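J.: Below you will find the structure I want to go over with you.
The values are calculated or read from the model by the stated rules, or taken from the named source; none is laboratory data. Worth saying up front: this structure is predicted, and the values here are computed from it rather than measured. Cβ: placed from backbone, ideal geometry, glycine included. Neighbour counts: every protein chain shown. Surface areas here come from the heavy atoms of the whole protein model, side chains and all, with no ligands, DNA or RNA. Shrake-Rupley method; radii C 1.70, N 1.55, O 1.52, S 1.80 Å.
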Amino acid sequence: GADTTDVATGRVFAPPSVRTAAREAGVDPASVSGSGPGGRITAADLRAAIDARARSTDDDGR
Amino acid sequence: MQATIIEAINDALHEEMASDDRTVVFGEDVAESGGVFRATEGLLEEFGEDRVLDTPLSEIAIVGAAIGLAAHGYRPVAEIQFSGFLPPAFDQLVTNASRIRWRTRGEITAPMTVRTPYGAGVRALEHHSESLEAAYGHIPGLKVAIPSTPADAKGMLTSAIRDPDPVLFMEPKHVYRSFREEVPEGEHTTPLGEAAVRREGRDVTVIAWGAMMHNTLEALAELPDVDAEVIDLRSISPLDRETVVESVRKTGRCVVVHEAAKSGGFAGELIATINDEALAYLEAPVRRVTGFDTPVPLLSMEDYYIPHPPRIEEAIAETVEY
Amino acid sequence: MQATIIEAINDALHEEMASDDRTVVFGEDVAESGGVFRATEGLLEEFGEDRVLDTPLSEIAIVGAAIGLAAHGYRPVAEIQFSGFLPPAFDQLVTNASRIRWRTRGEITAPMTVRTPYGAGVRALEHHSESLEAAYGHIPGLKVAIPSTPADAKGMLTSAIRDPDPVLFMEPKHVYRSFREEVPEGEHTTPLGEAAVRREGRDVTVIAWGAMMHNTLEALAELPDVDAEVIDLRSISPLDRETVVESVRKTGRCVVVHEAAKSGGFAGELIATINDEALAYLEAPVRRVTGFDTPVPLLSMEDYYIPHPPRIEEAIAETVEY
Amino acid sequence: MNEQSRPESPGSTDADVAAVSERDVDVATHRVVDADGSVVDPEAVPDLADDRFLDLYRWMVLQRTFDERATKLQRRGLLGTYASGQGQEASIIGSAFALTDDDWIFPYGREAGALLMHGLSMRDLLLYWRGVEDASRMEGANVFGFAISIGSHIPVATGKAWGQKLDGSDAVSFVNLGDGATSTGAFHEGINFAGVLGVPAVFFTQNNQYAISMPFEEQTAADTVAQKAIAYGMDGIRVDGNDVLAVYNAVATARERALAGDPVLVEAVTYRRAAHTTSDDPTRYREDEEVEEWERRDPVERYRSFLADRGLLEAVDEEAIREEVSELFDEAVAAADAYPERDVAELFRYVHAEPTPELERQLEEFRDLLDR
Amino acid sequence: MNEQSRPESPGSTDADVAAVSERDVDVATHRVVDADGSVVDPEAVPDLADDRFLDLYRWMVLQRTFDERATKLQRRGLLGTYASGQGQEASIIGSAFALTDDDWIFPYGREAGALLMHGLSMRDLLLYWRGVEDASRMEGANVFGFAISIGSHIPVATGKAWGQKLDGSDAVSFVNLGDGATSTGAFHEGINFAGVLGVPAVFFTQNNQYAISMPFEEQTAADTVAQKAIAYGMDGIRVDGNDVLAVYNAVATARERALAGDPVLVEAVTYRRAAHTTSDDPTRYREDEEVEEWERRDPVERYRSFLADRGLLEAVDEEAIREEVSELFDEAVAAADAYPERDVAELFRYVHAEPTPELERQLEEFRDLLDR
Ligand SMILES: Cc1ncc(C[n+]2csc(CCOP(=O)(O)OP(=O)(O)O)c2C)c(N)n1
Ligand SMILES: Cc1ncc(C[n+]2csc(CCOP(=O)(O)OP(=O)(O)O)c2C)c(N)n1
Ligand SMILES: [Mg+2]
Ligand SMILES: [Mg+2]
Ligand SMILES: [Mg+2]
């Protein structure tokens, strides 16, 4: 499987649905670290990133 | 009534011959002997030799004459004994049948049906097992329909015969007799160009047609935890993009199963369609489970070639887990 | 030397005829008159009538005899005058040429080349403008090659003639004479099965072949800000998946351009390949710019049909901006 | 079996094994008017009124004039590739004159006069050669589309004739084809099937001696096209294709037999004097002498001699006919010029009876782009 | 042109237009031994040594025995679909006996004895009918693959013969085909081209009266296959296909002419006594009486009469031949049973000379799955 090979340098590796969700959430997928096979960003990774951002904006807001 | 696919086809032919006397059935061995698969059994006796004819061994002439006869106002239903013997008539499909309406701006049309058993699994000789629906489906103006159930076989064949344009009707011979199912008596039509959702589900969309529908269902039986949506494509052309797209938007995952070789196979068009209109919903690559990029082997290796349930099962499982 | 595509083809034929006396050229009007497009000009004079032959108007026999002659150890290079007249010989490709090696376990092979001009744009009559590479590319065992430049035309045709297996060599007749380019003198081969990256870029991958390469480059000339990577596919079968995948993994965006009808066209296989191995890199749906799902029209509407640069331009721009 | 029982090789025999071959077959060529213009067989002159004899002439001149004008129009870039019937006027006109408007004509390209005779408008014929799809409606005439893919129409015509037979109609399918077409698989399968079915079809081969550059002698090892009928258990009629009355007789006869259930293969021996099409250069593959030789056998001239013999020549004003045709041609060009440009939607229509959603989408997207 | 000048319809003529037809052709059927077993023409008896006459008999019995055994094997589920040559032994064996091992044989299915005679092993023949690809190597014999797609091999054989001609070799391409195959476009194009090229090809039609259920009379309106040669300017030889010596003569003659540059179409008139294949039920489409009628014309019996006449019958021990063949058959079955199962990799080999990365990937993935 190609998905197990290395991510091309500088490219984000995420299924279209995750990309879409990131776009909708205003998250730059490049800032999310992937935990899936080959470094793929999973839906969970994105959710975590969104949560983290929410937490940090909360922090900032406080 | 309960009927197999082949019985349903025979029933549809009887019904249409009776309901429209412009319907003419011909092909190699269809009259006197009732067809090598018995699809046309009893027609000669019932409708006579003007309307049920054995032809010379001439695929070009069978398809070509069907075009002319249709253009003249009849409703020819030609049989090509095995789809492996349709390639000699490829030119008649490309050059004449598919474009006669277009070329003449609707003045001359070809409301004809070419029936042909296709696919592997019946331990036949070379060239008896091919699936070239992707090549035929690429010809603008030619409809390509493939039933997978007895009821659809009857309904879709009836619609094909009544269709104002040429329809290539590919019959999954491997499952001609493998099961019986309730088939409506009397007139029964099923619209062409519409896929059927055989089973609703949320985890993954599985698309198949013809005999592969059954291998797919077998595979799913081994995956009780997977809530699959199963689409019986039924129509290669025109393609029911809407049903496919809607389903994949819902499930985000998809597996396409076909018997034909992978490269250039019809899964490509389906994946392109998903790419066009459901890409953003995809949670995993669409998996293809197909025949290999080899000729269909003779019977000793035939089972290797056909996408068997374990291959399908693995692809579904991996797609769901992706 | 500077040469057009047609001159390069003629040169390749001269070279191969001279270097291997098993090479035999035949087809309709190829000898006495030098071919309707002049591809075979001068061959009869130089190599004599045993090796350069006009045939009857018999596409089945041309392709069929090429198979037998190749099986006997010759290197037939058959011409089908226009690819619209290849369908009568479809069966010979499917049933014999493509599988003779496989069937006989390598005992009998068919190192033959079928050359045929394809595609629209030359104001020709009906059936003279079709592009059916997707159908031919779906036949396991048959190589399908399409050059887009003079140097490739020479190199790939030479490789096709030398190839141990059958090659369908489709020539983009629309650009036969539209430009000259440096072509290596003497022996020159270009491996089959390899795409060429015509231009490197990071924004988007544009894949095309044949005459559409040129429409693509025209379109890109209007988009100076787009850093496009341009792939000349060159080989429909075998498909160079690696080059395609590598590029799309880099750019994340892709446009496929072909002249053939959209549904069932070869873009489907490319998109499926991208789906298989580069889906997770996609930033936008892959766009197809193709012929429409209609017959290729007669000359008065021909220009509508062919993907013209503005259509390609729009698709590239939208893909980059997606 | 043991090695020894294998045959000594090769087998040989002294037996006199009889074979059948074309040498056993005498293929006569039907002729009414000799190459020098004299009537060969007065009995064979068709029983037509004088007017009709003159009409035949008018149509031949029309065919010739149309071909000349169309070729010129093409040279001026006002027509696409054009295929002329020059030299074949007797074949084209003589055959068409034996048909009725109810018959179906399957043309393959050079039969301008035949189609105009049976109801097609000159404008539409020009539009066809301008690549306007609408022309293929063949409005007003029982004409199938031009069979540009050589031979491909033959089995279709068999099917059409089958329909005519099933209907019990008294019309035939009249199939034009060239000598090149006789080598196609479609020819073989279509005609064999017609023979089996016994349908009212006439397969009319204009053997104009060439298929582009391929001379008939190399198209097949058979001496004639007509003898190929034997392969189908059919009648084959060979006729001098430059003798319009002979062609008329041959086709009238064939038509009657076809209606009686015996399809016929007719070979009209003629010559293509013009280039294959306007894109062809025949000097690459044939000698001027040959062309000149056939010029001397000109079908129009020959028929003039017949008319003269018959005392009908005074009634002919060739210049007037040419002028009349030219005027019609001018009008047709004007009408063709005035033909409104087709909207892009036309490209997407008629693929199927009902447009598919996909086709509608393709049209809509394309229109959007064009509108920009 | 004005309405008036259009033709009165339909054209009619009193002229007597001559036609050529099969009625003009006398197609003789070559015969050496009459249906009742007596020699028709002593001159025509091939000049073979007594041993050779006996060998011919052995091969006929082999063909018959092989067909019987193979059919039984199929019934027991130990063979795929099988196509028997029962009734056609004289055609199959008589023709093969006139060939050399250097000739190339294009079989279409029923020619077991011919292939075995020219070097194929019985094991491989059985393996073929078991659907094992390796058998199609046709090891030890100049045999092309079986032409399962009817007629498709004919143009290929023309190409092969073309190669033989270019080589200047003294071998021919010997093409087996059935009466059904004569209706295919491939037959027409392949044979016409062979005629034009003048290649050393013999087109040997076993007219066994049926194409599955289609009787020859409805396959074509032509009375014979041999007369179709006229369409190609070729010699056509018609021979009693149940007369092994006549077939031998015919093929030996045809072979010589073919080598001299004149390909020949041979028609052997015979009968398929068995079902079309083991999946066919011929009682659906033909009468027992007809089959019985042809049983009375049994080729093996007829040849026995000849041998008896010739005083050679004592030298024949039919039981012994049958037993010998049966033993060979048993051994072949055992060898076929012992043939190792093909690894899945075989499916992916030989698609091209070199495997493509895609094929390697497909094999690898599949192997992974199978290994699980
Ligand atoms: C199937 C097919 N093959 C090749 C061609 C290209 N082509 C166009 S016309 C022609 C020659 C036709 O010769 P013939 O049938 O004798 O008709 P003619 O042009 O002489 O009237 C050829 C080879 C074609 N149109 N169709
Ligand atoms: C092109 C093609 N069409 C149809 C078939 C199905 N089929 C197999 S054998 C056969 C009849 C062949 O008849 P014939 O050529 O007379 O040979 P026979 O079987 O009588 O020996 C048919 C129709 C086929 N194999 N190939
Ligand atoms: Mg011609
Ligand atoms: Mg037969
Ligand atoms: Mg007859």
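J.: Being in contact (Cβ under 8 Å) with a residue 60 or more places away in the chain and of a type in the set (Asp, Glu) is the filter here, so list the residues in region B:193-207 that pass it.
T.: Of everything in region B:193-207, just one residue is in contact (Cβ under 8 Å) with a residue 60 or more places away in the chain and of a type in the set (Asp, Glu), namely B:Asp203.
J.: Tell me which of these C:Arg75 doesn't satisfy, since it passes every other one: (1) open to solvent by 10 Å² or more (accessible area, probe 1.4 Å); (2) facing chain E (nearest Cβ under 9 Å); (3) in contact with a helix residue (DSSP H, G or I) (Cβ under 9 Å, 6 or more places away or on another chain); (4) away from ligand 2 (no atom under 16 Å from the Cβ).
T.: In the conditions (1) open to solvent by 10 Å² or more (accessible area, probe 1.4 Å); (2) facing chain E (nearest Cβ under 9 Å); (3) in contact with a helix residue (DSSP H, G or I) (Cβ under 9 Å, 6 or more places away or on another chain); (4) away from ligand 2 (no atom under 16 Å from the Cβ), C:Arg75 misses (2) alone.
J.: One residue is enough: does region B:45-53 have a residue meeting the conditions hydrophobic (A, V, I, L, M, F, W, C), modelled with pLDDT of 95 or more, over 25 Å from E:Gln209 (Cα atoms) and open to solvent by 40 Å² or more (accessible area, probe 1.4 Å)?
T.: No, region B:45-53 contains no residue that is hydrophobic (A, V, I, L, M, F, W, C), modelled with pLDDT of 95 or more, over 25 Å from E:Gln209 (Cα atoms) and open to solvent by 40 Å² or more (accessible area, probe 1.4 Å).
J.: Answer yes or no: is there a residue in region E:267-281 that is open to solvent by less than 60 Å² (accessible area, probe 1.4 Å), under 30 Å from E:Gly163 (Cβ atoms) and touching a residue at least 24 places away in the same chain (Cβ under 8 Å).
T.: There is at least one residue in region E:267-281 that is open to solvent by less than 60 Å² (accessible area, probe 1.4 Å), under 30 Å from E:Gly163 (Cβ atoms) and touching a residue at least 24 places away in the same chain (Cβ under 8 Å).
J.: Can I ask one more? Quickly run through region D:292-318 and pick out the residues that are in contact with a Lys or Arg (Cβ under 8 Å, 6 or more places away or on another chain) and under 18 Å from D:Asn242 (Cα atoms).
T.: Across region D:292-318, the qualifying residues are D:Trp294, D:Glu295, D:Val300.
J.: Residue by residue through region C:1-51, note down the ones that are within 21 Å of C:Ala61 (Cα to Cα), outside any strand (DSSP E or B) and hydroxyl-bearing (Ser, Thr, Tyr).
T.: Once the filter is applied, which keeps residues that are within 21 Å of C:Ala61 (Cα to Cα), outside any strand (DSSP E or B) and hydroxyl-bearing (Ser, Thr, Tyr), region C:1-51 yields C:Ser33, C:Thr40.
J.: Find the residue count for region E:127-143, including only residues that are in contact with a strand residue (DSSP E or B) (Cβ under 7 Å, 6 or more places away or on another chain) and open to solvent by less than 10 Å² (accessible area, probe 1.4 Å). Step through it out loud before you land on a result.
T.: Restricting attention to region E:127-143, the residues satisfying the condition of being in contact with a strand residue (DSSP E or B) (Cβ under 7 Å, 6 or more places away or on another chain) are E:142-143.
Adding the requirement that they be open to solvent by less than 10 Å² (accessible area, probe 1.4 Å) leaves E:143.
Residues meeting the conditions: 1.
Condition check ((1) open to solvent by 10 Å² or more (accessible area, probe 1.4 Å); (2) touching a strand residue (DSSP E or B) at 6+ places or on another chain (Cβ under 6 Å); (3) under 19 Å from B:Gly193 (Cβ atoms)) across all residues:
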| residue | (1), (2), (3) |
| --- | --- |
| B:Arg115 | no, yes, yes |
| B:Gly121 | yes, no, no |
| B:Gly137 | no, yes, yes |
| B:Lys143 | yes, yes, yes |
| B:Pro150 | no, yes, no |
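J.: Taking the stated definitions as given, is C:Ala61 modelled with pLDDT of 95 or more, closer than 24 Å to B:Ala135 by Cβ and facing another protein chain (nearest Cβ under 7 Å)?
T.: Yes; evaluated as a whole, the condition is true for this residue.
J.: Here's another thing I want to ask about it. Away from chain D (no Cβ under 14 Å) and either farther than 24 Å from E:Leu56 by Cα or more than 16 Å from ligand 1 (Cβ to nearest atom) (or both): which single residue out of E:Glu295, E:Glu256, E:Glu218 fits that description?
T.: E:Glu295
J.: I've got another one for you. All but one of (1) closer than 24 Å to B:Ser83 by Cβ; (2) surrounded by fewer than 22 Cβ atoms within 10 Å (Cβ to Cβ) hold for B:Glu277, so report the exception by its number.
T.: (1)
J.: For region C:243-294, enumerate the residues that are touching a Phe, Trp or Tyr at 6+ places or on another chain (Cβ under 6 Å) and free of Cβ contacts under 8 Å to residues at least 12 places away in the same chain.
T.: Scanning region C:243-294 gives a single hit, C:Ala280.
J.: Please state which one of E:Ser149, E:Ser173 is open to solvent by less than 10 Å² (accessible area, probe 1.4 Å), without any contact (Cβ under 8 Å) to a residue 40 or more places away in the chain and not charged (D, E, K, R).
T.: E:Ser149
J.: Is it the case, given these coordinates, that E:Ser95 is assigned to a helix (DSSP H, G or I), more than 16 Å from ligand 5 (Cβ to nearest atom) and modelled with pLDDT of 95 or more?
T.: Yes; evaluated as a whole, the condition is true for this residue.
J.: Right, something else. Within region D:68-85, track down each residue that is of a type outside the set (D, E, K, R) and crowded, with 18+ Cβ neighbours inside 10 Å.
T.: Those that are of a type outside the set (D, E, K, R) and crowded, with 18+ Cβ neighbours inside 10 Å: D:Ala70, D:Thr71, D:Leu73, D:Gln74, D:Leu79, D:Gly80, D:Thr81, D:Tyr82, D:Ala83, D:Ser84, D:Gly85.
J.: Could you go through region B:114-130 and let me know if any residue there is among the hydrophobic types (A, V, I, L, M, F, W, C), touching a residue at least 24 places away in the same chain (Cβ under 8 Å), over 26 Å from C:Trp102 (Cβ atoms) and part of a loop (DSSP other than H, G, I, E, B).
T.: No, because not a single residue in region B:114-130 is among the hydrophobic types (A, V, I, L, M, F, W, C), touching a residue at least 24 places away in the same chain (Cβ under 8 Å), over 26 Å from C:Trp102 (Cβ atoms) and part of a loop (DSSP other than H, G, I, E, B).
J.: Here is a check on your reading of the model: is E:Asp262 under 20 Å from E:Tyr210 (Cα atoms) and touching a residue at least 60 places away in the same chain (Cβ under 8 Å)?
T.: Answer is no for this residue.
J.: Mind counting the residues in region D:183-215 that are of a type outside the set (A, V, I, L, M), within 12 Å of ligand 3 (Cβ to nearest atom) and open to solvent by 10 Å² or more (accessible area, probe 1.4 Å)?
T.: Residues flagged as of a type outside the set (A, V, I, L, M), within 12 Å of ligand 3 (Cβ to nearest atom) and open to solvent by 10 Å² or more (accessible area, probe 1.4 Å) within region D:183-215 amount to 3.
J.: The conditions are (1) in contact with a strand residue (DSSP E or B) (Cβ under 6 Å, 6 or more places away or on another chain); (2) within 16 Å of ligand 5 (Cβ to nearest atom); (3) not small (Gly, Ala, Ser), and E:Asp223 fails exactly one of them. Which is it?
T.: Of the numbered conditions (1) in contact with a strand residue (DSSP E or B) (Cβ under 6 Å, 6 or more places away or on another chain); (2) within 16 Å of ligand 5 (Cβ to nearest atom); (3) not small (Gly, Ala, Ser), the odd one out for E:Asp223 is (1).
J.: Restricting attention to region B:173-205, report how many residues are touching a helix residue (DSSP H, G or I) at 6+ places or on another chain (Cβ under 7 Å), buried (at least 17 other Cβ atoms within 10 Å of the Cβ) and closer than 30 Å to B:Arg123 by Cα.
T.: Residues flagged as touching a helix residue (DSSP H, G or I) at 6+ places or on another chain (Cβ under 7 Å), buried (at least 17 other Cβ atoms within 10 Å of the Cβ) and closer than 30 Å to B:Arg123 by Cα within region B:173-205 amount to 4.
Each row is one residue, and each column tells you yes or no for (1) outside any strand (DSSP E or B); (2) among the acidic types (Asp, Glu); (3) closer than 28 Å to E:Pro357 by Cα; (4) within 14 Å of another protein chain (Cβ to nearest Cβ).
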site: B:Thr189; (1), (2), (3), (4): yes, no, no, no
site: B:Gly193; (1), (2), (3), (4): yes, no, no, yes
site: B:Leu217; (1), (2), (3), (4): yes, no, no, no
site: B:Leu220; (1), (2), (3), (4): yes, no, no, no
site: B:Glu242; (1), (2), (3), (4): yes, yes, no, yes
site: B:Lys250; (1), (2), (3), (4): yes, no, no, yes
site: B:His258; (1), (2), (3), (4): no, no, yes, yes
site: B:Gly265; (1), (2), (3), (4): yes, no, yes, yes
site: B:Thr273; (1), (2), (3), (4): yes, no, yes, yes
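J.: Answer yes or no: is there a residue in region B:31-38 that is within 8 Å of another protein chain (Cβ to nearest Cβ) and away from ligand 2 (no atom under 16 Å from the Cβ).
T.: Checked against the condition, which is being within 8 Å of another protein chain (Cβ to nearest Cβ) and away from ligand 2 (no atom under 16 Å from the Cβ), region B:31-38 yields no hits at all.
J.: Also: Say we look at region D:5-39 and pick out the residues that are in contact with a helix residue (DSSP H, G or I) (Cβ under 8 Å, 6 or more places away or on another chain) and polar (S, T, N, Q); which of these is farthest from the other protein chains (Cβ to nearest Cβ)?
T.: This residue is D:Ser38.
J.: Counting only residues that are free of Cβ contacts under 8 Å to residues at least 40 places away in the same chain and part of a loop (DSSP other than H, G, I, E, B), which one in region D:19-33 is surrounded by the most Cβ atoms within 10 Å (Cβ to Cβ)? Lay out the reasoning, then the answer.
T.: Taking region D:19-33 first, the residues free of Cβ contacts under 8 Å to residues at least 40 places away in the same chain are D:19-21, D:23-24, D:26.
Going one step further and asking which of them are part of a loop (DSSP other than H, G, I, E, B), we end up with D:19, D:21, D:26.
Details: D:Ala19: 24, D:Ser21: 19, D:Asp26: 10.
The qualifying residue surrounded by the most Cβ atoms within 10 Å (Cβ to Cβ) is D:Ala19.
J.: Also: Looking for whichever is among the acidic types (Asp, Glu) and either under 19 Å from the mean Cα position of the chain (by Cα) or within 16 Å of ligand 3 (Cβ to nearest atom) (or both) here; the options are E:Asp243, E:Asp170, E:Asp223. Which one fits?
T.: Sole residue among the options that is among the acidic types (Asp, Glu) and either under 19 Å from the mean Cα position of the chain (by Cα) or within 16 Å of ligand 3 (Cβ to nearest atom) (or both): E:Asp243.
J.: When you go through (1) open to solvent by less than 10 Å² (accessible area, probe 1.4 Å); (2) more than 28 Å from D:Glu358 (Cβ to Cβ) one by one for B:Pro307, which number turns out not to apply?
T.: (2)
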